[in-house]
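Below is one structure; the comments refer to it alone.
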């Protein structure tokens, strides 16, 4: 039996904690905040009684049946389809770009085949191997749709010109030649009936797990535990010795109203001159509930500073160079394993986070069974 310390009480460490606790190990989970679930934390607003995603919207979607079955062990999930709208140049459109978006934008009544030909006529076919975000968008939808739906939003979200961003950020450009406006294309989609925090609390509810909130990590803790799982920022573990990795953070302008403010859970604002990226209305994330009042978040993106909560790793050239140095440093560690979005400096959806946590726990169990040294990383950290 081992004595493990898990730093951070989000999905990654909650899943690993549960898997190890069920094997009979003693597990202590600490978090410097006053709640579990990390940035997925949700709680009811005292004024409206709406379940609010405190750190911004989280919609669960996956094709991974194992992950879906796993999270359904720990609470009731309700059907939820995310139908995103965007306001651009004074009009409201559906995202991702679909047949309705195309017809509305160009003032046409194209069939699917006609729409494909129209988009091909707009696309910049001279770009054979897109290297930047801008080239990727121009290659697949052309200048007009790019400017309307991607340019302004992306510039606000990342704080740089889209031509400075890698094409990988726009990994694939979903353009649908039908009227499907489901933002995600995954088999399983849903929302926890009682919020994400309740799910994580249930995962952590095991006699071998002790949770300590309002508790920051300190170096003297190392001597009290056999091994540490670190889900905080990778550079923070080393006290930012080599410098700080780049992140974007979010500011939320919260406001309340009577009735229904915007009629939809998420509306993006594509125009560059609108300072916020989107407005989320949280009552619409729980359509099975009824509320007389509503609460909304205007979302602003900016560079993460020292006291801010990191959200999205930037991973531009200088960040990748610094990341490689931290990975080299981490690979020399023998008492810590780095996990999750912050610990591995990658953008991960919730389902991938849970999948990797389950796989990491399997590697840990196998290593312990054969008396192997636990590795600093159980994911590919090639930069």
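The values are calculated or read from the model by the stated rules, or taken from the named source; none is laboratory data. Just so it is clear, the model here is predicted, and its values are computed rather than measured. Cβ atoms come from the backbone with ideal geometry, glycine included; neighbour counts cover every protein chain shown.
Observations, loosely collected:
- Screening residue 237 on (1) surrounded by 14 or more Cβ atoms within 10 Å (Cβ to Cβ); (2) within 23 Å of the chain's Cα centre (by Cα); (3) within 27 Å of residue 81 (Cα to Cα) shows it passes everything except condition (3).
- Flag for residue 167 being under 23 Å from residue 38 (Cα atoms) and in contact with a strand residue (DSSP E or B) (Cβ under 9 Å, 6 or more places away or on another chain): no
- For the condition surrounded by 17 or more Cβ atoms within 10 Å (Cβ to Cβ) and in the same structural domain as residue 7 (by TED's automatic domain parsing), residue 350 qualifies.
- Restricting attention to the stretch 39-72, the residues that are closer than 25 Å to residue 184 by Cα and free of Cβ contacts under 8 Å to residues at least 40 places away in the same chain add up to 3.
- Of the strands (runs of 3 or more DSSP E) that lie entirely inside the stretch 193-299, those containing 3 or more residues that are touching a residue at least 60 places away in the same chain (Cβ under 8 Å) span 209-212, 227-230, 247-258, 266-269.
- Restricting the search to helices (runs of 4 or more DSSP H) fully inside the stretch 33-138 and requiring at least 1 residues that are loosely packed, with under 12 Cβ neighbours inside 10 Å gives 65-72, 112-122.
- Residue tally, condition in contact (Cβ under 8 Å) with a residue 60 or more places away in the chain and more than 15 Å from residue 174 (Cα to Cα), over the stretch 87-112: 4
- Hey, residue 376 within 19 Å of the chain's Cα centre (by Cα), under 30 Å from residue 66 (Cα atoms), buried (at least 17 other Cβ atoms within 10 Å of the Cβ) and not assigned by TED's automatic domain parsing to the domain that holds residue 223 or not: no
- For the stretch 209-222, a tally of residues being loosely packed, with under 13 Cβ neighbours inside 10 Å and within 17 Å of residue 374 (Cβ to Cβ) returns 0.
- The residue that is surrounded by the most Cβ atoms within 10 Å (Cβ to Cβ), among those in the stretch 336-346 that are part of a loop (DSSP other than H, G, I, E, B) and in contact with a strand residue (DSSP E or B) (Cβ under 6 Å, 6 or more places away or on another chain), is 339.
- Residue in the stretch 279-302 that is more than 24 Å from residue 32 (Cα to Cα), surrounded by fewer than 17 Cβ atoms within 10 Å (Cβ to Cβ) and either in the same structural domain as residue 200 (by TED's automatic domain parsing) or at pLDDT below 95 (or both) present: no
- The sole residue among 258, 306, 289, 299 that is closer than 22 Å to residue 92 by Cα and out of contact with any helix residue (DSSP H, G or I) (no Cβ under 6 Å at 6 or more places or on another chain) is 299.
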